[in-house]
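To keep things clear, I will list the structure first and then write my remarks on it.
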Amino acid sequence: MTSKIIDTNLMKKDPVFGQLSFDGHEQIVFCNDEDTGLKAIIGIHNTVLGPALGGTRMWSYQSEWHALNDVLRLSRGMTYKSAITGLNLGGGKAVIIGDAKTQKNDRLMRRFGEFVNSLSGRYITAEDVGMETRDMDIIREVTPYVTGISESKGGSGNPSPVTAYGVYMGMKAAANYKFGTESLEGKKILVQGVGHVGETLVKYITEEGAQVIINDINEARLEELSKKYHTNVILGNDIYNLDLDIYAPCALGATVNPDTISRLKCEIIAGAANNQLADEGRDGQLCADKGICYAPDFLINAGGLINVYSELKGYNREDALNQTREIYNTTLEILNKSEFENITTHDAALKIAQERINDKSDA
Ligand SMILES: NC(=O)c1ccc[n+]([C@@H]2O[C@H](COP(=O)([O-])OP(=O)(O)OC[C@H]3O[C@@H](n4cnc5c(N)ncnc54)[C@H](O)[C@@H]3O)[C@@H](O)[C@H]2O)c1
């Protein structure tokens with residue numbers, strides 16, 4: 001191996017602790033394996049309430065900086081998601097740098113599992129974008145610190161249907177708050193992204209008689225689902241000018257930003273995507289100023305986390321669904337708190353989550 005002279009002018013200052021997304025994270029683990037080509041980062045944000053649980057995302061990041069920022073942001077989000085949901089879990093997340101379609105294989109998964117195992121349970125992994133239940137089964141071969149394994153192997157399987165149920169509960173609570181009735185009958189709802197979570201959400205809301213419009217970059221999927229659920233379809237990116245009651249982002253993060261907020265004509269934003277607000281403070285306030293009720297993503301998309309948490313204690317689907325139903329009450333509580341304290345809904349949720357962490361730290 002040759003050592004290269006590093007041009008210090010090219011090195012970015014404070015590569016880890018100086019990152020914008022760094023927020024007092026407890027531990028960041030860089031995993032490298034020459035044999036399998038594995039390059040991964042595990043971020044442990046906070047373990048005050050319990051071991052850091054959060055999914056692994058496999059993605060072709062533009063650069064390592066993007067991967068690092070993603071894991072920092074996502075692991076922090078998990079801390080607050082667990083705290084607001086009342087789970088005894090901390091926040092963690094992992095990213096594997098690479099294309100899940102072409103670079104994922106069983107050896108790479110096992111090697112990643114060994115890195116997870118080396119943390120002795122401080123971090124527990126699960127499924128996220130680019131990963132499947134089968135991958136969790138492979139990781140399980142080398143570590144017990146994984147959730148979301150197949151039902152046939154004693155696990156809880158794909159968490160997405162439970163996530164969708166929680167989003168549905170959060171949406172109904174927001175409807176109750178905003179329209180004075182939790183019924184979604186006749187409400188015009190745009191679901192952006194009809195993947196694992198989006199499809200089940202569409203099922204729930206069409207069954208309730210909502211007028212549903214679906215949008216996705218996968219046109220074959222749109223055709224299939226519009227026939228299956230009798231929904232309308234909108235193609236392309238120009239979706240933010242529609243007249244809607246509810247916008248449900250179920251694809252990517254950061255779709256709620258100054259540009260989209262200025263165009264959105266809806267009363268409620270409630271969806272599954274993580275990190276929907278491009279800038280939490282600024283965009284939460286912009287929604288409030290425009291009278292849009294934003295149901296905090298990390299609160300209403302916690303069903304999948306509740307489901308995998310249940311697996312740690314011996315999986316019981318009924319219990320997981322019952323606990324997920326509670327998202328309805330918590331959402332109403334947060335929306336009322338936001339109004340009462342004149343703070344954004346996002347801040348109201350964050351405040352309750354932080355108080356729970358502080359109480360445990362002080363105990
Ligand atoms: N799966 C879970 O249990 C879970 C839990 C919490 C949060 N989330 C979040 O919810 C979102 C959806 O998760 P999922 O498991 O359904 O993912 P998925 O990959 O199954 O589905 C995402 C869908 O969005 C579509 N999409 C991608 N880019 C798009 C764009 N620009 N415009 C429109 N559609 C686009 C994809 O084609 C796909 O159909 C993600 O942000 C995920 O992080 C998922």
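A few notes on this one:
- Cα-based convex hull, segment 46-156, per residue volume (Å³, whole number): 97
- Residues in segment 281-294 carry Karplus couplings, in order, of x, 4, 7, x, 5, 4, 4, 4, 4, 8, x, 8, 8, 9 Hz; the curve used is 6.51 cos²θ - 1.76 cosθ + 1.60 with θ = phi - 60°, and Gly or Pro positions show x.
- Normalised Debye scattering of the chain at q = 0.12, 0.14 Å⁻¹ gives log10 I(q)/I(0) of -0.89, -1.21, counting only Cα atoms as equal scatterers and leaving out solvent.
- Protection proxy ranking of 90-102, 210-222 - average other beta-carbon atoms within 10 Å, highest first: 90-102, 210-222
- Options Leu244, Asn274, Gly209, ranked by Cα towards positive dipole end of segment 178-317, top entry (Cβ charges): Gly209
- Max mean-square fluctuation residue, GNM over the chain, Cα-Cα springs under 10 Å, options Gly198, Gly130, Gly291: Gly291
- 3J(HN,Hα) along segment 144-157: x, 8, 8, 10, x, 7, 4, 4, 5, 9, x, x, 9, x Hz, from the Karplus curve 6.51 cos²θ - 1.76 cosθ + 1.60 with θ = phi - 60°, whole Hz, x for Gly and Pro.
- Of all DSSP beta bridges in the chain, antiparallel share, percent nearest 5: 30
- Within the listed set Pro249, Pro161, Pro258, the residue fluctuating most in the Gaussian network model of the chain (springs between alpha-carbon atoms under 10 angstrom) is Pro258.
- Distance between the C-alpha centres of segment 279-340 and segment 212-240: 26 Å, rounded to the whole angstrom.
- For segment 278-363, trypsin sites (Lys or Arg not before Pro) are listed when DSSP marks them as loop and at most 16 other Cβ atoms sit within 10 Å of their Cβ; the list is Lys290, Lys313.
- Amide H to amide H, with H built 1.01 Å from N, Gln211 comes under 5 Å of Gly186, Lys187, Lys188, Ile189, counting only residues 5 or more places away or on other chains.
- Amide H to amide H, with H built 1.01 Å from N, Gln27 comes under 5 Å of Ile44, counting only residues 5 or more places away or on other chains.
- Taking amide H as placed 1.01 Å from N in the peptide plane, Ile124 has its amide H under 5 Å from the amide H of Ala52, Leu53, Gly54, each at least 5 places away in sequence or on another chain.
- Cα gyration tensor shape of segment 185-277, rounded if a/c is under 1.5, else prolate or oblate by comparing a/b with b/c: prolate
- Rounded to the nearest Hz, the phi-derived 3J(HN,Hα) couplings of segment 209-223 under the Karplus curve 6.51 cos²θ - 1.76 cosθ + 1.60 (θ = phi - 60°) are x, 6, 8, 9, 10, 10, 9, 7, 7, 9, 5, 5, 5, 4, 5, where x marks glycine and proline.
- Cβ-Cβ FRET estimate between Ser150 and Asp35, R0 fixed at 22 Å, reported to 0.05: 0.25
- Here the chain is assigned +1 on the Cβ of each Lys and Arg and -1 on the Cβ of each Asp and Glu. Its dipole about the Cα centre then comes out at about 320 debye.
- Of all aspartates and glutamates in the structure, the ones whose alpha carbon falls short of 18 Å from that of Lys153, not counting any fewer than 8 places away in one chain, are Asp106, Glu127, Glu132, Asp135, Asp137, Glu141, Glu311.
- Total charge dipole magnitude, segment 171-247, about the Cα centre, Cβ charges on Lys, Arg, Asp, Glu only, Debye to nearest 20: 140
- Within the straight-line cut-off of under 20 Å between alpha carbons, the lysines reachable from Lys290 are Lys178, Lys187, Lys188, Lys265, Lys337, sequence neighbours fewer than 8 places apart in one chain being disregarded.
All of the numbers you see were taken from the coordinates with simple rules; none came from a lab. Predicted, not measured: the structure shown is a model, and the values here were computed from it. Glycine gets a Cβ as well: all are built from the backbone with ideal geometry, and neighbour counts include every protein chain shown.
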